[in-house]
Every structure is written in C-alpha cells, then in structure tokens.
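> One structure, as structure tokens, below. Some questions next.
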Amino acid sequence: MARLSQWILWAASALVLQGCGGTPLSPWHTERLQEEFVASTSDQLLAFEDYLRLEDRLFLELKLSVNSQVETGSAYDLVRYSNGSSADPLGYPTNWNRTFELKANAPVGGVLLLHGMSDSPYSLRALAEVLHDHGYWVVGMRMPGHGTAPSGLKYVKPEDMIAATRIGMARLSSSVGDKPIHVVGYSTGASLALGYTLDAAEGLVSPQASSLVLISPAIRIHSAAALASFKRGASSVPGLGGLAWLSVMPEFDPYKYNSFATNAADVVHQMTRSVDDRIAARADTDPPLPPILALKSTVDATVTMEAIVDNLLTLLEPNRNELVLFDVNRFAAKSSLLVDDPGPLTNRLMADDSLPFGVTLISNRDTNTREVVARYKAPLSENVTEHELHGLAWPSDVFSLSHIALPFPPDDPLYGSNPPVGDESLHLGDIPMRGERDLNKIPGEWLLRMRYNPFYDVLESHVLEWLNNAGSTAQ
C-alpha cells in the first residue's frame, strides 16, 4: 500500500509539472469553433446537405477566428494556418479537410469512408477515387473536431462522431437505393464502423452495411489510455491547462493535426472499449456481423495484432472474414535489430488451423531478397499457398510499415516516396534531414515514421475484390 501511495504521489507530481510548463499554445490550440457539429443538434441535421452547410460556416469561422491571427510571409511558410503558406490547405485545388462526395451514375453500390482520430478525409482520398472509378458512390465524412484546428480535439465526443457516421450512411442509402453499402474505417474510423454495424444488428439504425473494410483498425488500445480521462479532468484546474494536451507540435501538415489533445485519447479509449465489450457480449449471436476485411502492419505502435485476432476476428462467425498482414522487411530488419520481432506471432497465425478467418501475409520471399510474395491460408486450414506479386519489393531504405502508412500509395503527392515531378507543393513523405538531435522542431521519430505503403496496390486490389464479392452476395 505504501508503494502504491508513493506511485500516486509521483504521478500527481509529474502531472502538475507537465501542466505548469510545456510548449506555448497558439490560436489553433486555444480557439473553440462554435459552428462545429455536435450530437445535440443532430435532430436538426438529419440531412447530409445540412451537415455540409454547417461545415461551410465552420470553415469560414476558422478563417476569421484562427487564420486572421497568424502572420504571413516566408517565416511562416510551414505554418498551416498562415494564409498562402505551402501548408495552407486552401492553396490546393481541393481542400481534403472537408466532407466530400463522389457521385456515380447507375452506381454499383455505396462506400462510406471514415478517417481516424486527428486525421481528415484526405487519408482515404486515394482509395475513394479508385472506388469511384469502379462505379461506387463514395462519401468521405469529416468527423467533428477534425480538419480545422487541433483545438477541436479538446471538445469532440464519441456521440458526435457516431452521429456524423449515421448521417453519411443515410446519405448513401438515399443515393444508391437497394444497392450494397460498404463501410471503410481507418484507425479510429474502424471503431466507428464496427459501432455502427453493432447498432444496426441490434435494430437501432439502418441500413446495415454489406461489408466492412478496416484499415489499421483501432480495436483495443493500451490500458494506460484510461489515464487520459483523469488527466483531461485535471486540466480544468487553474495552472494545469497544459494537461489538456498530450503533445504540442508545430502544425505544418495541411491534412492532419500534429498536436494531440488529451480528450482525443480519452475518446478513442471510450470508443474502442465500448466496441470491444459489445463484440465480446454478442459472440455467436444472430444475426452475424457483415463480413470483415482487416488490413494491418505486423508492427503497429497503436494497435496490437492480438487485439484484432483475439478481440475481433476469432469471435466472429467462421468463413466470412479475412486478415491481411504486411510483415516487416526481413531482408533489412534482421531480428537482432528489432525490439520486438513480430515473426513468432505471425508464424503461429500461419500455422493455426483453428482460426475461423483467412490470413494473407505480405512478406519477403526469403531473407535474401527484398521481393515480396503473398502467402494465403484459408479459414480452419493449415495449408499455405504462395502467390507472386510481380514487381513488388521493399524500398532499400525501409524496414517496416506503420500504423499510419497503409492507405497512402507511393505516389501520394503529400506523403508518398517522392514529390511529384515539377510540383513545388509541400511534400512530407520522405524528408532527408540529418543533423544534431533536439535542434529541429520536428521530432526525429516523426521524420523516421513510415508514411506511405509501397504495397498499396495489394491493399487496393484486396479492397476492390472484397467489395465486389460482398456486393454480389448481398444482391
């Protein structure tokens, strides 16, 4: 008990010290935008068009309340909220921070895209355009608190994001009629997708999705995230306002917040815990959830592979679901250099004939080459078949993917491997910066983290095949 008391005293002291210091806050951390959608107004915002009109007012308020306080000029060229800077999203042909809709004549189906916490609809832009090219009517919802200023993360609630998801599904239902509707969720967007389908299975909402695609799904996060609720509450104490933020960074990314509010971590914890509990409670219950395709890097600083396997796919009806795993680069990342090699767990998955779902592993052909192949194991089987992926290989300087990398193709103009030829726009995919530590405002771990998927074509083809097959079954 004495040791526990000492730990509590130490933790409280650390929180006080953190709350009293830290990086100075900017207008985009402090201004609360009043035109943001909240669930309490959802009864008046049942129509998708109303949500867009509110968004118009919101982005005008952002310009007047935040951008107007930020100086311009070369010294501010990497400040997202400086008008005319290279990081200003209004300088791009399309502001992908906004909710978007790609309509289709005679659509084969509808797809709702749900981005993750601190992201924007840009994160699923590439997939949206491909799906639209294949005849789908696509809606990419901007979640409340996102796409504007990081301050929005201080106030967003789970019910706000849930209500926005329902508005998007209602729009697709009225647009594609009896055609199948699929939901693609990225990171926290996967929890939203699962939450919606659980609600639909319980008769609380309609329509039900024909299938789900979960990319880097946030199913269960570290239990330490529960402390975010305490820290968020303590931030209201005078002198401890800094506790409202887990990190405060320069905002140079036009489509993603670099700063992260404590409330955002608490919201993710609430949503993932709720979905986790509800899935466990309804195991083997009719009706079954829609078929699920989950895609994940075997190394992920946000979500463990055990969470997706043990807390989701293993609990669902057999022979309906699939897990696609992107392994580490076995040619470059020798096991002796890895803090935690995912190889043993991956090998067990590929050898387990009791798994009720299919598994596809994208990995090196062998440790002597950067070329990759796809190894597939059917549900309830131990037989593994190998398929060629002609022309696909690990880049020489990449040892793994990451939680954030999967939905971005190598030619993504912002996060890809190289900036577009002749395009002088901002490029964040591979910044070759070397020097002394603690000198650059951008943390070294930010520069190191992989931001695109060299095997995006594999993800894209899996998603298209999955939707087409699920759509055919739903007819």
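The values are calculated or read from the model by the stated rules, or taken from the named source; none is laboratory data. These figures come from a predicted structure and were not determined experimentally. Don't worry about glycine lacking a Cβ; one is built from the backbone with ideal geometry, like all the others, and counts go over all protein chains shown.
> Please list, ordered by residue number, the strands (runs of 3 or more DSSP E) wholly in region 358-437 having 1 or more residues that are within 26 Å of the chain's Cα centre (by Cα) and within 23 Å of Ala301 (Cβ to Cβ).
358-364, 371-377
> Quick one: Leu406 ticks every box in (1) over 23 Å from Pro291 (Cβ atoms); (2) touching a residue at least 60 places away in the same chain (Cβ under 8 Å); (3) of a type in the set (A, V, I, L, M, F, W, C) bar one, so which box is it?
Condition (1) is where Leu406 drops out.
> Out of curiosity, is Ser118 in contact with a Pro (Cβ under 8 Å, 6 or more places away or on another chain), buried (at least 20 other Cβ atoms within 10 Å of the Cβ), on the phi > 0 side of the Ramachandran plot and not hydrophobic (A, V, I, L, M, F, W, C)?
yes
> Separate question: Residues Ala75, Ala104, Ala47: which one is under 30 Å from Ala470 (Cβ atoms), at pLDDT below 95 and out of contact with any Pro (no Cβ under 9 Å at 6 or more places or on another chain)? Working first, answer last.
Details: Ala75 fails: under 30 Å from Ala470 (Cβ atoms); Ala104 fails: at pLDDT below 95.
Going through Ala75, Ala104, Ala47 in turn, just one is under 30 Å from Ala470 (Cβ atoms), at pLDDT below 95 and out of contact with any Pro (no Cβ under 9 Å at 6 or more places or on another chain): Ala47.
> Among the residues that make up region 335-352, is at least one of them hydrophobic (A, V, I, L, M, F, W, C), within 28 Å of Ser118 (Cα to Cα) and either without any contact (Cβ under 8 Å) to a residue 60 or more places away in the chain or touching a strand residue (DSSP E or B) at 6+ places or on another chain (Cβ under 7 Å) (or both)?
Step one: list which residues in region 335-352 are hydrophobic (A, V, I, L, M, F, W, C), which gives 337-339, 345, 349-351.
Then drop every residue that is not within 28 Å of Ser118 (Cα to Cα), which leaves 339.
Right, trim to either without any contact (Cβ under 8 Å) to a residue 60 or more places away in the chain or touching a strand residue (DSSP E or B) at 6+ places or on another chain (Cβ under 7 Å) (or both) and you get 339.
Yes, there is a match, as at least one residue in region 335-352 is hydrophobic (A, V, I, L, M, F, W, C), within 28 Å of Ser118 (Cα to Cα) and either without any contact (Cβ under 8 Å) to a residue 60 or more places away in the chain or touching a strand residue (DSSP E or B) at 6+ places or on another chain (Cβ under 7 Å) (or both).
> Take region 265-294 and flag every residue that is within 13 Å of Ala218 (Cβ to Cβ) and touching a strand residue (DSSP E or B) at 6+ places or on another chain (Cβ under 8 Å).
The answer is Ala265, Ala294.
> Next question, about the same structure. Six or more apart or on different chains, Cβ under 8 Å: which pairs go from a residue in region 188-205 that's in contact (Cβ under 8 Å) with a residue 60 or more places away in the chain and over 16 Å from Leu293 (Cβ atoms) to one that's surrounded by fewer than 18 Cβ atoms within 10 Å (Cβ to Cβ) and of a type in the set (Lys, Arg)? Could you list them?
Sorted first by the residue in region 188-205, then by its partner, the pairs are Gly195/Arg278; Leu198/Arg278; Leu198/Arg282; Ala201/Arg282.
> So Glu306 passes all but one of these: (1) part of a helix (DSSP H, G or I); (2) under 16 Å from the mean Cα position of the chain (by Cα). Which condition number does it fail?
(2)
> When only residues in region 367-392 that are of a type in the set (Gly, Ala, Ser) and within 16 Å of Leu459 (Cβ to Cβ) count, which is surrounded by the fewest Cβ atoms within 10 Å (Cβ to Cβ)?
Gly391
> Only residues that are surrounded by 23 or more Cβ atoms within 10 Å (Cβ to Cβ) and either more than 17 Å from Pro290 (Cα to Cα) or touching a Gly at 6+ places or on another chain (Cβ under 7 Å) (or both): list them for region 172-186, please.
Within region 172-186, Leu172, Pro180, Ile181, His182, Tyr186 meet the criteria.
Yes/no matrix, rows are residues, columns are (1) modelled with pLDDT under 95; (2) among the charged types (D, E, K, R); (3) within 26 Å of Trp466 (Cα to Cα):
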| residue | (1), (2), (3) |
| --- | --- |
| Val339 | yes, no, no |
| Leu355 | no, no, yes |
| Val359 | no, no, yes |
| Asn368 | yes, no, no |
| Arg375 | no, yes, yes |
| Glu382 | yes, yes, yes |
| Thr385 | no, no, yes |
| Ala393 | no, no, yes |
| Phe399 | yes, no, no |
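> So which of Asp327, Asp266, Asp341, Asp277 is under 17 Å from the mean Cα position of the chain (by Cα), charged (D, E, K, R) and surrounded by fewer than 23 Cβ atoms within 10 Å (Cβ to Cβ)?
The match here is Asp266.
> Evaluate region 89-110: report whether one residue or more is within 15 Å of the chain's Cα centre (by Cα), surrounded by 20 or more Cβ atoms within 10 Å (Cβ to Cβ) and under 18 Å from Ala193 (Cβ atoms).
Scanning region 89-110, I find no residue that is within 15 Å of the chain's Cα centre (by Cα), surrounded by 20 or more Cβ atoms within 10 Å (Cβ to Cβ) and under 18 Å from Ala193 (Cβ atoms), so the answer is no.
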